[in-house]
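Peer 1: Quick one: structure below, then a few questions.
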Amino acid sequence: MLKGLRNALLLSVMPMAMATGAFANEAALTGATKDAAAKIYFERCAGCHGVLRKGATGKNLEPAATSKLGQQRLEKIIANGTEGGMVNFDDILSKDEIKMMATYIQMPPDSPPEWGLADMKGSWKIIVPVDKRPTKKMNNVNLDNVFSVTLRDSGEVALIDGDTKKIWNIVKTGYAVHISRISYSGRYVYVIGRDGKLDLIDLWMEKPQVVATIKTGLDARSVETSKFKGYEDKYAIAGSYWPPQYVIMDGLTLEPLKIVSTRGNTVDGEYHPEPRVASIVASQIKPEFVVNVKETGLIKLVDYTDIKNLKEVTIESAKFLHDGGWDASKRYFLVAANASNKVAVVDTKEGKLAALVDTKSKPHPGRGANFVHPKFGPVWATSHLGADVITLIGTDPEKHPEFAWKVVEELKNHGSGSLFVKTHPKSSNLWADAPLMPEREAAESVTVYDINNLAKGPEVINVAKMAGLPESKAVKRTVHAEYNEAGDEVWFSLWAGKTEPSAIVILDDKTRKMKAVIKDPKLITPTGKFNVKNTQHDIY
Ligand code: DHE
């Protein structure tokens, strides 16, 4: 995790134990100290290591493994991080906190409570009933070009008018808010927080507001809406990390209709108590959601035509499934199995696995990027957390069968530690970030290729420098490219610390020069940006 987000999380966390002063290095924790450690663990460590500490992106931290390392070694690892990708926590946790966490992870893991239908219903609120909502658009904003921007550490989204570049409204959402998805009509924005809080925002209002809200779980990352013809705006689905399950809801009210647990056996046949729901996408060619279950490596095609008699096709792929997106035809879904260094390809028309493609270390596509390669035909791109390449995979088994589901080219990225790639059908640029690079220059820069002339090599642009923000200690990580509706501007977030100035930098896609910068004290830690039109239609 990054410093900024860690700092923000920490503010919301405890210090009950810390407030009491020095922490004794004992074999076990009790009472308020244990509660404090559990809270830190749940909010800060579970994302990578799992609530039950079985390990996923991060290592297994069950007592059998941790007690072998012992208190002192664990303290060092927590403080300094490791070359394997564990980040250092010495800049945000005190020495006493580090001691406490080293002890805590040698104790048996806590299992948080379940979160069933009654809990969800108890948390569910319709703020504006459907029949009290506007019957027509009540504003003059070009909704297709609105961006929902994650303000990560303030638990808000900024709705920015892409035409005027003005902040239209800032809406309070869940804790450490994660992603936005748009209903297929383009009217509603669904925003999920890491605390499982899902907010439904109505863009037809004069000033968009939350019209319904529900807590879908205790720890969540994904949300999507039904996109098949006849089901536009009908259903929403949210996936949880804890409890490991997904819930299908009414798309207009968020009333929870069906909860399905993802606990079960992995592709290797072993039982796993915590298979978390990673990415979810909605098919446009079938009434189906594609639900990717991280720890089992299973991909579920969930047919939503009959919620009471729900049909799921379960496809074996590889561990641990994370993020992914459609190919340009919207028939194939490509998802990173990042612990296996593979991309799994699902043929959603046939309902089966099309391929498992070997890649360099830890592919991390976001939703990936589709374009037509001058030599290999249609390709889908991903960058990597663990390698400084952008991998291109052929996606056209009909006209280019010799290249389909093969790595046809690896382009150099300016660093590993990349999270997102992006292009647009109207653009000839392919962009990649590298915000998790330890070096400031790399983390603040992006790589861009001309997709018609890849041999020319990349241009590396320091986007953070363009913004003219004051010098700050925090690295201004340049993260997550997103296009405007027209496909002629590309937007980047500068993600600095919670108390440092951040910004959104908008580049003219043709000239690659800065066109505008949005700076506002209210833009606290902007990260993901979701253009209404592009998100609604899966354009990337
Ligand atoms: Fe994300 C997508 C999980 C940390 C920004 N992230 C996703 C998805 C998953 C996921 C499963 C796919 C959702 C989908 O498509 O339905 N993210 C996780 C984590 O488990 C992880 C690694 C650690 C954690 O504890 O949360 C994590 N993510 C981050 C960040 O720190 C990022 C960079 C900043 C932030 O705002 O939190 C971040 N994740 C994003 C973004 C997307 C995303 C912007 C959507 C990309 C897109 O273009 O669709």
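The values are calculated or read from the model by the stated rules, or taken from the named source; none is laboratory data. If you're wondering where the values come from, they're calculated on a predicted model, not measured in any experiment. Reconstructed Cβ throughout: ideal geometry from the backbone, glycine too, with neighbour counts over all protein chains shown. Calculation scope for accessible area: heavy atoms of the full protein, side chains included, ligands and nucleic acids excluded. Shrake-Rupley method; radii C 1.70, N 1.55, O 1.52, S 1.80 Å.
Peer 1: Is one or more of the residues making up segment 409-428 in contact (Cβ under 8 Å) with a residue 60 or more places away in the chain, surrounded by fewer than 23 Cβ atoms within 10 Å (Cβ to Cβ) and under 23 Å from the mean Cα position of the chain (by Cα)?
Peer 2: Taking segment 409-428 first, the residues in contact (Cβ under 8 Å) with a residue 60 or more places away in the chain are 419-427.
Pick out the ones that are also surrounded by fewer than 23 Cβ atoms within 10 Å (Cβ to Cβ) and you get 419, 425-427.
Then drop every residue that is not under 23 Å from the mean Cα position of the chain (by Cα), which leaves 419, 425.
For segment 409-428, residues in contact (Cβ under 8 Å) with a residue 60 or more places away in the chain, surrounded by fewer than 23 Cβ atoms within 10 Å (Cβ to Cβ) and under 23 Å from the mean Cα position of the chain (by Cα): present.
Peer 1: Moving on. Please find, within segment 284-299, the residue that is nearest to the ligand (Cβ to nearest atom) out of those that are crowded, with 22+ Cβ neighbours inside 10 Å and in a loop (DSSP other than H, G, I, E, B).
Peer 2: In the first step, residues of segment 284-299 are kept if they are crowded, with 22+ Cβ neighbours inside 10 Å; the result is 288-299.
Still in the running and in a loop (DSSP other than H, G, I, E, B): 294-297.
Numbers: LYS294: 7, GLU295: 12, THR296: 14, GLY297: 14 Å.
Filtering segment 284-299 for residues that are crowded, with 22+ Cβ neighbours inside 10 Å and in a loop (DSSP other than H, G, I, E, B), the one nearest to the ligand (Cβ to nearest atom) comes out as LYS294.
Peer 1: Counting only residues that are within 14 Å of the ligand (Cβ to nearest atom), within 18 Å of ALA387 (Cα to Cα) and among the polar types (S, T, N, Q), how many does segment 317-376 have?
Peer 2: The qualifying residues number 1.
Peer 1: Have a look at GLU482, GLU500 and point out the one that is among the acidic types (Asp, Glu), assigned to a loop (DSSP other than H, G, I, E, B) and within 16 Å of the ligand (Cβ to nearest atom).
Peer 2: None of the other options fit; the residue is GLU500.
Peer 1: Looking at GLY377, GLY325 in this structure, which one is under 19 Å from the mean Cα position of the chain (by Cα) and either modelled with pLDDT of 95 or more or within 25 Å of ARG263 (Cβ to Cβ) (or both)? Break it down stepwise before answering.
Peer 2: Working: GLY377 fails: under 19 Å from the mean Cα position of the chain (by Cα).
GLY325 is the lone residue from the list that is under 19 Å from the mean Cα position of the chain (by Cα) and either modelled with pLDDT of 95 or more or within 25 Å of ARG263 (Cβ to Cβ) (or both).
Peer 1: May I pose another question? In segment 149-184, what count of residues is obtained for those that are within 17 Å of ALA481 (Cα to Cα) and touching a residue at least 60 places away in the same chain (Cβ under 8 Å)?
Peer 2: 12
Peer 1: Sort out which residues of segment 380-395 are touching an Asp or Glu at 6+ places or on another chain (Cβ under 8 Å), β-branched (Val, Ile, Thr) and not in a loop (DSSP other than H, G, I, E, B), and write them in order of number.
Peer 2: Scanning segment 380-395 gives VAL389, ILE390, THR391.
Peer 1: Then there's this: Could you grab me the full set of residues in segment 176-206 that are within 16 Å of the ligand (Cβ to nearest atom), hydroxyl-bearing (Ser, Thr, Tyr) and open to solvent by 10 Å² or more (accessible area, probe 1.4 Å)? Quick ask: steps written out before the conclusion?
Peer 2: Start the filter on segment 176-206 by keeping residues that are within 16 Å of the ligand (Cβ to nearest atom), which leaves 176-184, 189-199.
Okay, now just the ones that are also hydroxyl-bearing (Ser, Thr, Tyr), so 180, 183-184, 190.
Answer for segment 176-206, where residues must be within 16 Å of the ligand (Cβ to nearest atom), hydroxyl-bearing (Ser, Thr, Tyr) and open to solvent by 10 Å² or more (accessible area, probe 1.4 Å): just TYR184.
Peer 1: Where the second residue is part of a helix (DSSP H, G or I) and the first is under 13 Å from TRP242 (Cα atoms) and lies in segment 32-50, which pairs have Cβ atoms under 7 Å and are six or more apart or on separate chains?
Peer 2: If the second residue must be part of a helix (DSSP H, G or I), the pairs left are GLU43/LEU9.
Peer 1: Also, quick follow-up: Which condition number does LEU507 fail, the rest of (1) closer than 21 Å to HIS178 by Cα; (2) away from the ligand (no atom under 16 Å from the Cβ); (3) open to solvent by less than 40 Å² (accessible area, probe 1.4 Å) being met?
Peer 2: Among (1) closer than 21 Å to HIS178 by Cα; (2) away from the ligand (no atom under 16 Å from the Cβ); (3) open to solvent by less than 40 Å² (accessible area, probe 1.4 Å), the lone unmet condition for LEU507 is (1).
Peer 1: Here's another thing I want to ask about it. Does GLU398 satisfy the condition of being open to solvent by 40 Å² or more (accessible area, probe 1.4 Å) and in a loop (DSSP other than H, G, I, E, B)? Step through it out loud before you land on a result.
Peer 2: On the way: open to solvent by 40 Å² or more (accessible area, probe 1.4 Å): yes; in a loop (DSSP other than H, G, I, E, B): yes.
In short, yes.
Peer 1: To continue, here is another question. State all residues of segment 429-472 that are part of a strand (DSSP E or B), under 16 Å from GLY386 (Cα atoms) and either open to solvent by 20 Å² or more (accessible area, probe 1.4 Å) or of a type in the set (D, E, K, R) (or both); if no residue qualifies, say none.
Peer 2: Once the filter is applied, which keeps residues that are part of a strand (DSSP E or B), under 16 Å from GLY386 (Cα atoms) and either open to solvent by 20 Å² or more (accessible area, probe 1.4 Å) or of a type in the set (D, E, K, R) (or both), segment 429-472 yields only ASP433.
So that you can scan it fast, the table gives a plain yes or no per residue for (1) outside any loop (DSSP other than H, G, I, E, B); (2) open to solvent by 20 Å² or more (accessible area, probe 1.4 Å):
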| residue | (1), (2) |
| --- | --- |
| GLU312 | yes, yes |
| ALA318 | no, no |
| GLY325 | yes, no |
| ALA328 | no, yes |
| VAL335 | yes, no |
| VAL346 | yes, no |
| ALA354 | yes, yes |
| SER361 | no, yes |
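Peer 1: A follow-up question, please. From the list ASP195, ASP131, which residue is in contact with a Phe, Trp or Tyr (Cβ under 8 Å, 6 or more places away or on another chain) and among the acidic types (Asp, Glu)?
Peer 2: Numbers: ASP131 fails: in contact with a Phe, Trp or Tyr (Cβ under 8 Å, 6 or more places away or on another chain).
It is ASP195.
Peer 1: Another question, then. Name the residues in segment 207-228 that are within 16 Å of the ligand (Cβ to nearest atom), part of a loop (DSSP other than H, G, I, E, B) and open to solvent by less than 10 Å² (accessible area, probe 1.4 Å), would you? Even if it seems obvious, please write down each step before you answer.
Peer 2: We begin by selecting, within segment 207-228, every residue within 16 Å of the ligand (Cβ to nearest atom); these are 216-227.
From what's left, part of a loop (DSSP other than H, G, I, E, B): 216-218, 226-227.
Hits for segment 207-228 are THR216, GLY217, SER226, LYS227.
Peer 1: Just to be sure I understand the filter: pairs with C-beta atoms under 9 Å, separated by 6 or more residues or on different chains, first member in segment 518-540 and within 10 Å of ASP144 (Cβ to Cβ), second member assigned to a loop (DSSP other than H, G, I, E, B) and within 13 Å of the ligand (Cβ to nearest atom). Which pairs pass?
Peer 2: Matching pairs, first to second residue: ASN531/ILE539; LYS533/ILE539; ASN534/HIS424; ASN534/TYR540.
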